[in-house]
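Beneath this line is the structure, given in structure tokens, with notes to follow.
The values are calculated or read from the model by the stated rules, or taken from the named source; none is laboratory data. In this text, all values refer to a predicted model and were calculated from it rather than measured experimentally. All Cβ positions, glycine included, derive from the backbone under ideal geometry; neighbour counts span all protein chains shown.
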């Protein structure tokens, strides 16, 4: 099997577009400990920050498959914010919470096993699960 890049940046862009297209406010939860993040440290709590990334909150918003950057005000001070896509642990709509959380196991890993889901462990007990029609 050939190695594939992480699908997280593609899903991140899709969720961002979906939230905007529905007229909601996209928020991203960013892991501030990921290398390459430039964040307002005064607003980081427990190693993460929640950012309003809506078009009316950001100036010069840019997102590609590697990173996200924009300008915004934090405590009245303008700041350039940059972070790799792999630092985003969740994206959701502020108004209703619709969105997704990215699995830490898949974030930022570009190795060949990164997009293979874990195989579920069969329950112990020796009995095989089965389906039956209930009338």
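Of the residues that make up the range 19-32, is at least one part of a helix (DSSP H, G or I) and surrounded by 13 or more Cβ atoms within 10 Å (Cβ to Cβ)? Yes, the range 19-32 has at least one match. Within the range 40-57, being in contact with a helix residue (DSSP H, G or I) (Cβ under 9 Å, 6 or more places away or on another chain) and part of a loop (DSSP other than H, G, I, E, B) holds for 53, 54, 55.
Of all residues in the range 33-53, exactly one satisfies the criterion of being surrounded by 15 or more Cβ atoms within 10 Å (Cβ to Cβ) and farther than 20 Å from residue 102 by Cβ, namely 40. Within the bounds of the range 81-90, is there any residue that is over 13 Å from the mean Cα position of the chain (by Cα), more than 23 Å from residue 4 (Cβ to Cβ) and either at pLDDT 95 or above or surrounded by 10 or more Cβ atoms within 10 Å (Cβ to Cβ) (or both)? For the range 81-90, residues over 13 Å from the mean Cα position of the chain (by Cα), more than 23 Å from residue 4 (Cβ to Cβ) and either at pLDDT 95 or above or surrounded by 10 or more Cβ atoms within 10 Å (Cβ to Cβ) (or both): present. How many of the residues making up the range 73-99 are out of contact with any strand residue (DSSP E or B) (no Cβ under 8 Å at 6 or more places or on another chain) and closer than 14 Å to residue 15 by Cβ? So the answer is 2. Out of all the residues in the range 60-72, which are loosely packed, with under 12 Cβ neighbours inside 10 Å and either more than 19 Å from the chain's Cα centre (by Cα) or assigned to a strand (DSSP E or B) (or both)? If the condition is that a residue be loosely packed, with under 12 Cβ neighbours inside 10 Å and either more than 19 Å from the chain's Cα centre (by Cα) or assigned to a strand (DSSP E or B) (or both), then 60, 62 are the ones that fit. Considering the conditions (1) in a loop (DSSP other than H, G, I, E, B); (2) surrounded by 12 or more Cβ atoms within 10 Å (Cβ to Cβ), residue 11 is excluded by exactly one of them, (1).
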